[in-house]
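Structure, as structure tokens:
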Amino acid sequence: MRGGLGLVWAAIAIAFGLIVLQGYFIDLEVLRGVRTMVLQWAVVLAAAALLLGVANLLAVHLSKIGAQEKGWPYSAVLVGALVVTLLVGLFFGEESPLVLSVFQYIQQPVESTLAGLLAISLTLGIVRLLSRRRDMRTYIFLITVFIVLLGTGPWLIASNGGLHQLMGEARAWLSQVWAAGAARGLLLGVALGATATGLRILLGADRPYGD
Amino acid sequence: MATIRCPMCQTENAADAEFCRLCHAKLPDPAESPAPEVPETGAAGATAPPARGAPVSADRGSQMPDWLARLRQEVTGEAGPSESRPVSGAGDDLDWLGAMPAVAGEEEGPPPGEVPEWLGASASAGSSTDGAAAGADVPEWLAKIRAKARGDGEGEPAFEGESAAEPSPAPTPAPLPEPEAVIPAEPEAPASLGLPDWLLAARPDDAPTVPPPSEPERPSWLMGVTDDGSGELPRVPALVFDGEGAAPEPAPDIDLSSVSAQVPDWIGEGRPPELADRSDLAPATLPAWLEAMRPVDTFRSVIEIESAEDQAVESAGPLAGLRGVLLAEPVVAMPHAPTGKAARLDVNERQYAQAELLHRLVEEEQREVRPRPAAKARPSVLRWVVAAALLVAVGVPGILGIPAMDLPAFAPRDLAGLVGVVDAIPTDRPALVVFDYEAGATGEMEAVAGPFLSHLMERGVPIATLSTHPGGSVLAERLMALQGAGHNYVRGEDFVHLGYLPGGPAAVQLFAASPRQAVTSGFLEEETLTTIWDSPVLAGVTQLSDFTLMAVITSGSEDARVWIEQSEAFLGEAPLVTIVSAGSEPLVRPYYESTDPKVNGILSGLTSAVAYEQRLGEPGLAHSRWSSYGLGLLVVEVLVVLGAVGGVTTGVFRSRRR
């Protein structure tokens, strides 16, 4: 019985995958409608998954508060903020000025502050780097960082001297040759992996939905 | 009185006793295996081996092995013992040999007619009582020994046939049956049988031989033991005291000091002379490490034996219930602490130091570690210095407007391509702008995307915004309101928000394939509209290719990759441009710099944005943040240099200190 159900699930997954895939090759009205319907289902499921994620987050932090674990006051703040935001959104609507104010005056400054702290932490790490570790890779990293910063910073770019040309070309060579080459390798790997995974699911070799 | 001997301790017991009165072993049933009654004064040698326990009868003497009977018949020419010869008492003692079953492969004696010469000669010598006749075939050295034995061996039993019949004074192993017929009269034949030829050849002619075992010589230690006439063999009493039975007999005090190994003289003579008297040889010495491991004072020369009453009774194992046995359980099974004397070793200082180190390590491992109180996080001075320097470098130009950093003298090469794409798009259809960045990246992304949006608004292109992030629509409204204020762009008339598109890549695919089915309601849409698609901004848009341009503003390379890969097939002739942060530029640039580019324009980083605003002639967010950005980068560069110098200096000092 279980094997029969597994075959059914595999057949459904393969069929839906082929329906979505054929949209790139065949332009038929019927197939287009079916593909759109399947994608709508996927979007609804993804939205439901988001709700499930929020529920799971709430449950985890409620359990931490109940057990008085370490850092439970932060969990209490999180749960309180979530409940308040949810209630405000439900009562006043998602487009109300109050909800937009919460986003503009609370969420955005907090996230920007975190980004600023990240900049300070990275700078501190670079300053301490040679005090903690001195090897060839560290020296190469520091020299690269210094060249890119010199090529990016306005105090050198604004000049018309030879140093500007040199640093600008060095920065472009590092970012568009070395970094872009590495990025191309990463993208090729991701594409090959996605292709292999999709083919295995379409062929029924992988069944992440269960047996 | 009939008695029965205990097979375990040899104690005499009554014939009707079931258990031994001394060791309580079960006695054999006389009915099943009748034990021979021990004669009161009989010679011990005349008794059969008790282990056999077989009854003795005269007829059993006739049960000689066939091969032995055949051999005797061939040698002596006489009939077998079963036919005519009487059975001697000595032969009776070994009749059980004949009763033994034949074993496969057992030697059955020489075949008929193949008797060795020496055996024939011996037999003839044995048949006649003249020993001189047999000496013809005897080696010379053996003949000398024999002559000497005859000369001064008065009273000593010989191996000749005539003396073999004399009664043996001591219990000795019984000779072979019919010694006068089977066993050769001369001892040389048996002596050569068990020795290899090379050894016989190496024996000197005048070498003394082993005295003939005519009569087993009683060792000196046995001389002190007198036969009590009871016929019992000397035995060691069991260490078991039975309260009901008789006390165990004390063991005879045997002096073992006179026991010594008797080595034949000819073997002693063969010893190399240089090793005979080497008393000057140094005694063997133990290696240092072995000497150090040798236990000291562990040998107890005196063993105290407790009295029988004080001895413990075994409680486990097959010896349970017996008293006086060695208690195995306390020694083997039960844990006990080692004695201090055995652990005392002779160690040197180095070994002692190593042992102390090991002891400390083990002690440290066994020590219970108390949880340390959490140390209060104390930020380092360097952290405060770096944070303060960055805040000052970024804040002062933004607040005071000084120092003003020079603007870029050259525009990036990518900017011209992007400007050309925006300038080429038709303005009768809306452009789709995707806001896929988080609120934390607004500082960079708003400054970078600002000039692009200004360029679109400058050309009068209607704009529709969309986001796959929950907060993307709010950020879009914020930036559109900021940029639209200078271009009189009104929401609902010049731009609309399609809102949040949940579902990740599947939602992007759905939107690319069918935008109207993917988004049904917008963000901040007018209440008069049934759906967002009824807005005049989106008039005529039914699919993705109906947009005049698609722009993706993102701070993450993953979002850019999803939009590029999922929507590129549905864009048709509409160009796709990306406005990305400086950090995600390397992962997006491959889509732009390729033979078949998927991205038609790219804008990244604040430097490109400032150049874009310079090109548009509209200083905006990028210009206002340029000085802070430049001074902040300068401070970071100075800090990096100082940190590198400090790190190298510290490393040099540390290496010199070591």
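Within segment B:624-631, not a single residue is in a helix (DSSP H, G or I), within 8 Å of another protein chain (Cβ to nearest Cβ) and over 30 Å from B:LEU482 (Cα atoms).
Take A:GLY151 and tell me if it is out of contact with any Phe, Trp or Tyr (no Cβ under 7 Å at 6 or more places or on another chain) and exposed (fewer than 14 other Cβ atoms within 10 Å of the Cβ). It would help to see each step written out before you state the result.
On the way: out of contact with any Phe, Trp or Tyr (no Cβ under 7 Å at 6 or more places or on another chain): yes; exposed (fewer than 14 other Cβ atoms within 10 Å of the Cβ): no.
For A:GLY151, the condition - out of contact with any Phe, Trp or Tyr (no Cβ under 7 Å at 6 or more places or on another chain) and exposed (fewer than 14 other Cβ atoms within 10 Å of the Cβ) - is not met.
Scanning segment B:380-403 for residues that are part of a loop (DSSP other than H, G, I, E, B) and within 10 Å of another protein chain (Cβ to nearest Cβ) yields B:SER380, B:PRO403. Put simply, of B:THR548, B:THR554, B:THR578 the only residue that is within 59 Å of the chain's Cα centre (by Cα), modelled with pLDDT of 90 or more and among the polar types (S, T, N, Q) is B:THR554. Filtered by the rule that a residue be in contact with a strand residue (DSSP E or B) (Cβ under 9 Å, 6 or more places away or on another chain) and under 13 Å from B:HIS24 (Cα atoms), segment B:309-322 gives B:GLY321, B:LEU322.
Filtering B:VAL610, B:VAL638 for residues that are assigned to a helix (DSSP H, G or I), more than 7 Å from every other protein chain (Cβ to nearest Cβ) and out of contact with any Phe, Trp or Tyr (no Cβ under 7 Å at 6 or more places or on another chain) leaves a single hit, B:VAL638. Could you please find all residues in segment B:558-595 being of a type in the set (S, T, N, Q) and either in contact with a Pro (Cβ under 8 Å, 6 or more places away or on another chain) or touching a residue at least 40 places away in the same chain (Cβ under 8 Å) (or both)? If the condition is that a residue be of a type in the set (S, T, N, Q) and either in contact with a Pro (Cβ under 8 Å, 6 or more places away or on another chain) or touching a residue at least 40 places away in the same chain (Cβ under 8 Å) (or both), then B:GLN566, B:SER567, B:SER581 are the ones that fit. For A:GLY193, state whether it is part of a helix (DSSP H, G or I) and without any contact (Cβ under 8 Å) to a residue 24 or more places away in the chain. Yes; evaluated as a whole, the condition is true for this residue.
Look at (1) farther than 22 Å from A:LEU192 by Cα; (2) within 9 Å of chain A (Cβ to nearest Cβ) and you find that B:ARG654 fails only one, number (2). Among helices (runs of 4 or more DSSP H) entirely within segment A:58-141, having at least 3 residues that are away from every other protein chain (no Cβ under 11 Å) and of a type in the set (Phe, Trp, Tyr) singles out A:72-92. Only one of the listed residues (B:LEU415, B:LEU357, B:LEU391) is within 30 Å of B:LEU466 (Cα to Cα), of a type outside the set (Ser, Thr, Tyr) and modelled with pLDDT of 85 or more. That residue is B:LEU415. Of all residues in segment B:513-559, those satisfying the criterion of being out of contact with any Asp or Glu (no Cβ under 6 Å at 6 or more places or on another chain), within 11 Å of chain A (Cβ to nearest Cβ) and either in a loop (DSSP other than H, G, I, E, B) or among the hydrophobic types (A, V, I, L, M, F, W, C) (or both) are B:ALA513, B:SER514, B:ALA518, B:VAL519, B:THR520, B:SER521, B:GLY522, B:PHE523, B:GLU525, B:GLU527, B:GLN543, B:SER555. A single member of B:ASP428, B:ASP414 is more than 14 Å from chain A (Cβ to nearest Cβ) and either surrounded by 10 or more Cβ atoms within 10 Å (Cβ to Cβ) or within 60 Å of the chain's Cα centre (by Cα) (or both), and it is B:ASP428.
Taking the condition at pLDDT 85 or above and at the interface with chain B (Cβ under 7 Å from one of its Cβ atoms), does A:PHE146 pass? If you could, list the steps in order and put the result at the bottom.
On the way: at pLDDT 85 or above: yes; at the interface with chain B (Cβ under 7 Å from one of its Cβ atoms): yes.
Against the criterion (at pLDDT 85 or above and at the interface with chain B (Cβ under 7 Å from one of its Cβ atoms)), A:PHE146 qualifies.
Out of A:LEU87, A:LEU45, A:LEU57, one residue alone is modelled with pLDDT under 90 and either surrounded by fewer than 15 Cβ atoms within 10 Å (Cβ to Cβ) or out of contact with any helix residue (DSSP H, G or I) (no Cβ under 8 Å at 6 or more places or on another chain) (or both). It is A:LEU45. Of all residues in segment A:32-53 being away from chain B (no Cβ under 11 Å) and aliphatic (A, V, I, L, M), which is nearest to B:PHE511 (Cα to Cα)? Step by step, filter segment A:32-53, then rank; the result is A:VAL34.
Taken over segment B:431-456, the criterion of being of a type in the set (Phe, Trp, Tyr) and within 14 Å of chain A (Cβ to nearest Cβ) is satisfied by B:PHE435, B:TYR437. I need the full set of residues from segment B:464-478 which are more than 9 Å from chain A (Cβ to nearest Cβ) and either surrounded by fewer than 21 Cβ atoms within 10 Å (Cβ to Cβ) or in a loop (DSSP other than H, G, I, E, B) (or both), in order please. The answer is B:THR468, B:HIS469. Among the residues making up segment A:164-209, those that are more than 13 Å from chain B (Cβ to nearest Cβ) and among the basic types (Lys, Arg) are A:ARG200, A:ARG207.
The values are calculated or read from the model by the stated rules, or taken from the named source; none is laboratory data. Owing to the predicted nature of the structure, the values given are computational and were not obtained by experimental measurement. Cβ sites come from the backbone with ideal geometry, for glycine too, and all protein chains shown count toward neighbours.
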